Each structure stands twice: as structure tokens, then as C-alpha cells.
1. Within region 89-100, is even one residue surrounded by fewer than 16 Cβ atoms within 10 Å (Cβ to Cβ), touching a residue at least 40 places away in the same chain (Cβ under 8 Å) and in a strand (DSSP E or B)?
2. From the list ALA7, ALA64, pick out the single residue that is modelled with pLDDT of 95 or more and closer than 25 Å to ALA103 by Cβ.
3. Report, by residue number, each residue of region 25-45 that is surrounded by 14 or more Cβ atoms within 10 Å (Cβ to Cβ) and either small (Gly, Ala, Ser) or touching an Asp or Glu at 6+ places or on another chain (Cβ under 8 Å) (or both).
4. Kindly provide the set of residues from region 1-57 that are outside any loop (DSSP other than H, G, I, E, B) and among the charged types (D, E, K, R), ordered by number.
5. What is the residue count in region 21-41 for residues that are free of Cβ contacts under 8 Å to residues at least 40 places away in the same chain and among the hydrophobic types (A, V, I, L, M, F, W, C)?
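The values are calculated or read from the model by the stated rules, or taken from the named source; none is laboratory data. Only a predicted model underlies this, so the values are computations on that prediction, with no experimental measurement involved. FYI the Cβ positions are ideal-geometry reconstructions off the backbone, even for glycines, and counts take in every protein chain you see.
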Amino acid sequence: MEIIKGAGVWVHPGEAGNDWVEQLRTSDLSVGTYCIPAGGRDPQSPHSEDEIYVVTAGGAKIAAPGRTEDVGPGAVIFVPAGEEHRFTEVVEDLVLLVVFGPAFGSRAPRS
């Protein structure tokens with residue numbers, strides 16, 4: 001067992017040097033926190049792994065092909081590998097607990 005400290009807790013992107021912090025990694029999954037400040041932009045592109053977001057704080061919209069939804073604390077979002085998606089209209093500092101299966105980047109093509 002492991003307690004994952006800091007997962008799902010706001011860290012201003014400037015303090016961490018990045019808006020994504022991975023807190024746990026195994027070969028089968030990774031867990032981290034993705035923070036977007038109010039008014040911020042989400043530049044992500046599709047991932048090669050399945051993904052679950054749990055909104056722990058803030059408010060925004062999530063946009064995927066043909067669908068846009070409001071999200072806030074308690075929302076759980078599944079995004080299959082390869083699906084275009086991004087958070088838009090971030091009205092409050094957005095904090096997302098993120099789970100990737102398998103681990104983030106593990107299916108990405110190697111050059």
C-alpha cells in the first residue's frame with residue numbers, strides 16, 4: 001500500500017515548473033495532478049493511454065469531438081486513448097487528479 005501525498009491538490013504551475021506532476025508510476029498505471037489556473041489554456045494533445053480525470057477543485061468545460069460539458073468538483077471523466085480533448089473556459093483554478101492506464105507515455109512511439 002502507498003498513500004499518494006499531494007495527488008489532486010492545487011500547485012500553481014509556476015511553482016512546479018509545469019502544470020502536470022506525476023506522483024505515482026507503475027508499469028500498469030500512473031497517477032498525477034494537472035492544474036490549470038483560471039483563464040489558463042490547456043494545450044494538451046491526445047494521449048496514447050486511456051485516462052480518467054477526477055475534478056477536485058475549480059470549474060471549466062471539457063471539449064471532445066462533438067461534445068462539450070461543464071465540469072466541477074466531483075466530476076469523473078473517462079477519455080479513451082487517442083481521443084482529442086481539452087479543458088476550456090477555465091473559470092476557477094482547475095485541479096484534476098489524473099489516472100493513466102497504462103502509465104503516461106508508455107505507449108508513445110519511440111524515435
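1. Residues of region 89-100 that are surrounded by fewer than 16 Cβ atoms within 10 Å (Cβ to Cβ), as a first pass: 89, 91-92.
Now restrict to residues that are touching a residue at least 40 places away in the same chain (Cβ under 8 Å): 91-92.
Within this subset, residues satisfying the condition of being in a strand (DSSP E or B) are 91-92.
Scanning region 89-100, I find at least one residue that is surrounded by fewer than 16 Cβ atoms within 10 Å (Cβ to Cβ), touching a residue at least 40 places away in the same chain (Cβ under 8 Å) and in a strand (DSSP E or B), so the answer is yes.
2. After applying the criteria, what remains is ALA64.
3. SER30, VAL31, GLY32, TYR34, CYS35, ILE36, PRO37, GLY40, listed by residue number.
4. From region 1-57, those outside any loop (DSSP other than H, G, I, E, B) are 13-16, 20-25, 30-36, 50-57; that's our starting set.
Hits for region 1-57 are GLU15, GLU22, ARG25, ASP50, GLU51.
5. Summing the residues that are free of Cβ contacts under 8 Å to residues at least 40 places away in the same chain and among the hydrophobic types (A, V, I, L, M, F, W, C) in region 21-41 gives 2.
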